[in-house]
1. Examine the range 327-345 for a residue that is modelled with pLDDT under 95 and within 30 Å of residue 394 (Cβ to Cβ), and state whether such a residue exists.
2. What number of residues in the range 106-118 are part of a loop (DSSP other than H, G, I, E, B) and either modelled with pLDDT under 95 or over 20 Å from residue 200 (Cβ atoms) (or both)?
3. Tell me yes or no: at least one residue of the range 209-217 is in contact with a helix residue (DSSP H, G or I) (Cβ under 7 Å, 6 or more places away or on another chain) and part of a strand (DSSP E or B).
4. Counting only residues that are farther than 30 Å from residue 247 by Cα and either surrounded by 14 or more Cβ atoms within 10 Å (Cβ to Cβ) or touching a residue at least 24 places away in the same chain (Cβ under 8 Å) (or both), how many does the range 111-139 have?
5. Go through the range 187-213 residue by residue and tally those that are touching a strand residue (DSSP E or B) at 6+ places or on another chain (Cβ under 7 Å) and surrounded by fewer than 17 Cβ atoms within 10 Å (Cβ to Cβ).
6. Taking the options 222, 271, 174, name whichever one is closer than 28 Å to residue 142 by Cα, modelled with pLDDT under 95 and in the same structural domain as residue 134 (by TED's automatic domain parsing).
7. Output yes when any residue across the range 262-273 is over 21 Å from residue 11 (Cβ atoms) and assigned to a helix (DSSP H, G or I), and no when none is.
């Protein structure tokens with residue numbers, strides 16, 4: 001059966017998903033909303049419709065006879081796009097608005113973790129500034145303060161300074177990120193690990209792990225970002241981490257969500273910190289991670305449509321995934337001023353890369369002359385495959401050296417310290 005697919009989103013994650021979908025013989029057309037210039041090479045991009053205008057997106061999908069919709073980013077999920085598409089009779093992959101609270105509310109996510117017995121940092125949730133500041137003073141540095149709602153990867157402060165913590169609490173509870181609520185939690189020390197589950201409401205299957213780099217600068221210095229690079233596979237993981245993820249984290253969470261009347265269907269990102277006491281869940285995301293998606297899908301040999309169909313039909317338990325033995329590395333090229341004030345409109349030059357390297361657009365647009373310009377903070381993803389992580393890293397940075405624009409910034413140590 002040949003199907004028309006609507007992919008909602010326009011970042012590097014969505015470009016990678018579109019690229020993977022284009023390899024399926026089951027797909028006749030991939031429409032991306034809003035898409036980006038790189039995704040336009042795969043299929044039509046639909047501009048002029050806000051992805052969070054769920055009624056408009058659902059009406060468009062119905063009019064176009066879409067057979068399958070896949071939601072990439074978090075904002076449309078939190079807005080209830082899955083619910084709107086389902087109401088129109090459109091097959092859609094992603095969690096409902098209620099289920100997406102696992103990402104759209106850190107307080108809700110922590111409550112679910114506690115109820116499901118998931119190991120996570122001790123925490124408190126606050127709406128009053130004075131009470132929140134008093135709680136911070138009962139903790140030991142470094143202090144971790146998170147805006148409760150969606151913040152595009154920029155809602156977390158980790159600081160040694162109480163004065164900085166106070167300012168951040170004031171900003172979060174002052175409405176900088178919308179809902180005025182903060183979560184304050186104990187600092188988790190250790191390397192991070194990303195594991196993605198494909199959930200069918202009752203059970204799940206895990207994708208290969210990846211490791212990403214959140215800090216802007218080499219050596220994990222500088223401000224937190226949405227992610228400056230990633231690699232897969234990841235060596236040296238704790239024994240049994242995949243079984244632990246399924247049995248101690250994902251399945252208990254699915255059972256808890258189902259008991260609440262909000263079964264979870266879709267991608268579920270489990271963000272770990274591998275502490276000295278064992279794996280501890282840092283956060284959940286209701287989507288594939290970015291920039292990890294780009295390396296995970298580059299290695300996955302199973303048809304992505306088959307996997308999504310299995311999840312929507314409640315049968316992931318019978319799926320067997322196939323993976324390449326090759327390693328993948330992704331280096332993010334970011335705009336000058338990212339993450340706080342990215343410079344937009346800069347013309348990107350020399351965008352050609354070697355045939356064995358894939359370039360995913362993340363924050364790009366076209367100008368009046370048809371040139372590709374920076375339109376976001378994270379602009380491009382350079383992804384290379386190699387027989388080892390080190391080989392993939394070398395190929396990736398050789399390709400990075402062919403791309404330049406004024407103010408372009410990136411980390412030069414992605415996958416070096418594994």
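1. Yes: one or more hits.
2. Matching residues across the range 106-118 total 1.
3. Checking the range 209-217: at least one residue is in contact with a helix residue (DSSP H, G or I) (Cβ under 7 Å, 6 or more places away or on another chain) and part of a strand (DSSP E or B).
4. Residues meeting the conditions: 10.
5. 5
6. 174
7. no
Table: residues versus (1) in a helix (DSSP H, G or I); (2) more than 23 Å from the chain's Cα centre (by Cα).
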{"residue": "306", "(1), (2)": "yes, no"}
{"residue": "309", "(1), (2)": "yes, no"}
{"residue": "317", "(1), (2)": "yes, yes"}
{"residue": "321", "(1), (2)": "no, no"}
{"residue": "330", "(1), (2)": "no, no"}
{"residue": "340", "(1), (2)": "no, no"}
{"residue": "345", "(1), (2)": "no, yes"}
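The values are calculated or read from the model by the stated rules, or taken from the named source; none is laboratory data. None of the values given here were measured: they were computed from a predicted structure. Using ideal geometry, Cβ is built from the backbone for each residue, glycine included, and neighbour counts are taken over all protein chains shown.
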